Amino acid sequence: MMKILSKKCAYAAIGLGLATAGLGLATSASATSLIAGVSATILETIIINQTAPASFGTIAMDTTTGGTIQLGLADAVDITTTGIIVATGSITSGAFKITGTPSQGLTIDVTPTANPTLTVNSVDTELTLQNIQTNVPAAPALNSSGELDIIVGMDLVVPANAPTGVYSNGTYTVEANYN
């Protein structure tokens, strides 16, 4: 009886093996593969150089009233309040040259980061930079030489009773990124 049972088990094992092999053939017959390509474009590092610092020049004003001075995009100031009498001296709009990969689109942001301050008798007085203006086009891009020149203007708000002196350390950030 053992021999008969052993033969039946052997036949069952062979049958199971063939069924498993048959499944394996069916699985490999439906398998597929694809070799996919990979690419990368490496762009030049964007470099921003300041070619002219923004300067409101020398301002003569009635310090009791304060006022707003607008530095335009053409190296000139526009006095928008009666408290400021004249602005003279070196008046320049901020100017920058952005360089990188030719003909690439950019996003450009210009934001004030620190207001000009003056410390008199250990008291800081702060002027306010606001209303940044630029000549950046709606869809900025580097030209075929990989360059873009931009000009920056802004408003300077002088509070009433601001002490006289040289206000410094005012800053703004010019940021450029590829699209």
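The values are calculated or read from the model by the stated rules, or taken from the named source; none is laboratory data. These numbers were taken from a predicted model, which means no experiment stands behind them. Because the Cβ atoms are built from the backbone with ideal geometry, glycine has one as well, and the counts that use them run over all protein chains shown.
Using the structure shown, decide if Met61 is surrounded by 14 or more Cβ atoms within 10 Å (Cβ to Cβ), in contact with a Phe, Trp or Tyr (Cβ under 9 Å, 6 or more places away or on another chain) and among the hydrophobic types (A, V, I, L, M, F, W, C).
no
Just need a number here: residues in segment 127-149 that are part of a strand (DSSP E or B) and farther than 11 Å from Ile98 by Cα.
Total satisfying the criteria: 7.
Output the residues belonging to segment 95-114 that are part of a strand (DSSP E or B) and at pLDDT 95 or above.
Answer for segment 95-114, where residues must be part of a strand (DSSP E or B) and at pLDDT 95 or above: Ala95, Phe96, Lys97, Ile98, Thr99, Gly105, Leu106, Thr107, Ile108, Asp109, Val110.
Taking Asn177, is it surrounded by fewer than 18 Cβ atoms within 10 Å (Cβ to Cβ) and outside any strand (DSSP E or B)?
Considered against the rule, which asks whether it is surrounded by fewer than 18 Cβ atoms within 10 Å (Cβ to Cβ) and outside any strand (DSSP E or B), Asn177 comes out as no.
Among the candidates Thr51, Thr58, Thr65, single out the residue that is within 27 Å of Glu175 (Cβ to Cβ), more than 16 Å from the chain's Cα centre (by Cα) and not acidic (Asp, Glu).
None of the other options fit; the residue is Thr51.
So for segment 150-160 (the condition being surrounded by fewer than 17 Cβ atoms within 10 Å (Cβ to Cβ) and part of a strand (DSSP E or B)), does at least one residue qualify?
no
Kindly list the number of the only condition in (1) modelled with pLDDT under 55; (2) assigned to a loop (DSSP other than H, G, I, E, B) that fails for Ile42.
(1)
Asp78 - would you say it is within 23 Å of Ile151 (Cβ to Cβ), at pLDDT 95 or above and part of a strand (DSSP E or B)?
So Asp78 fails the test.
Take Thr101 and decide whether it is under 30 Å from Glu44 (Cα atoms) and among the β-branched types (Val, Ile, Thr).
So Thr101 passes the test.
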